[in-house]
Amino acid sequence: MKKMILAGLLSVFAVSNVMLTGSAIAGDAAAGKTKSAACGGCHGVDGNSPIPVYPKLAGQNEAYIVKQVKDFKANTTRQNAIMMGRVAALSEADAADIGAYFQSQSVSSAPAFDAGKAAAGREIYKGGNLQAGVPACQACHGPGGAGTAGIGYPMLGGQYVDYTLAQLKAFKDGSRSNDDKSLMRSIVEKMTDDEMVAVANYIASLK
């Protein structure tokens, strides 16, 4: 029952978030393929990054990519010197086109992960940690890690362990704060380091 309540609360938040953010610009994937050329060095030409510290963007939803581009340009709630330089000249339409292109791609393969840690992470991802007040990750990111495209909650499935863990830590220490209504920060502050490692490994296994 408690799990259902937590999931329900997050669903309500998700609906309200759609109302607040409005509709994203529908991008042109064909145009985005050309515009994304500069992204290939770190993220791979099709969004399948060959380097674990750089995220895979293949299959990532357009709305999430557009928001991250906007946040990197603003350089306040999400700061990264490399990304700020890369996105500085991009318009919102450019970001939408690039987002549409990467959304149209598929994750090529699951990255390396620790099966034992992934098993522990599955329990948290699926059911949360009720004693600590941590909701199930799947409430927003879906049972298979596909995310919620219409809202802009990111796809997580098949992401590198190193990258996912780095983002969880960034939300926890406040160096990343571009989560609406502090949703991620309010969750990870209740998670232990071992739980974050476990969840990152489980997410990597979702392909």
- Give the range 51-82 a look and list any residue that's of a type outside the set (Phe, Trp, Tyr), more than 11 Å from residue 178 (Cα to Cα) and part of a loop (DSSP other than H, G, I, E, B), or say none. 51, 52, 53, 55, 56, 57, 58, 59, 60, 61, 80
- Can you give me the number of residues within the range 187-207 that are in a loop (DSSP other than H, G, I, E, B), of a type in the set (A, V, I, L, M, F, W, C) and closer than 30 Å to residue 74 by Cα? 1
- The condition of being within 20 Å of residue 171 (Cα to Cα), among the basic types (Lys, Arg) and either crowded, with 22+ Cβ neighbours inside 10 Å or touching a residue at least 24 places away in the same chain (Cβ under 8 Å) (or both) holds, among 67, 73, only for 67
- Query: Tally time: how many residues in the range 108-147 are among the hydroxyl-bearing types (Ser, Thr, Tyr) and out of contact with any Phe, Trp or Tyr (no Cβ under 9 Å at 6 or more places or on another chain)?
  - Reply: 2
- Item | Test: residue in the range 169-181 that is of a type in the set (D, E, K, R), outside the structural domain of residue 72 (by TED's automatic domain parsing) and part of a loop (DSSP other than H, G, I, E, B) | yes
- For residue 184: the one exception among (1) touching a residue at least 40 places away in the same chain (Cβ under 8 Å); (2) under 21 Å from residue 62 (Cα atoms); (3) part of a helix (DSSP H, G or I): (1)
- If you scan the range 116-146, which residues turn out to be part of a loop (DSSP other than H, G, I, E, B) and either within 18 Å of residue 165 (Cα to Cα) or under 20 Å from the mean Cα position of the chain (by Cα) (or both)? 128, 135, 136, 137, 142, 143, 144, 145, 146
- Query: Any idea which of (1) within 22 Å of residue 187 (Cβ to Cβ); (2) among the polar types (S, T, N, Q); (3) in the same structural domain as residue 32 (by TED's automatic domain parsing) is the one residue 91 doesn't satisfy?
  - Reply: (1)
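The values are calculated or read from the model by the stated rules, or taken from the named source; none is laboratory data. Source: prediction; values computed, not measured. Cβ coordinates were reconstructed from backbone atoms using ideal geometry, including for glycine residues, and neighbour counts include every protein chain displayed.
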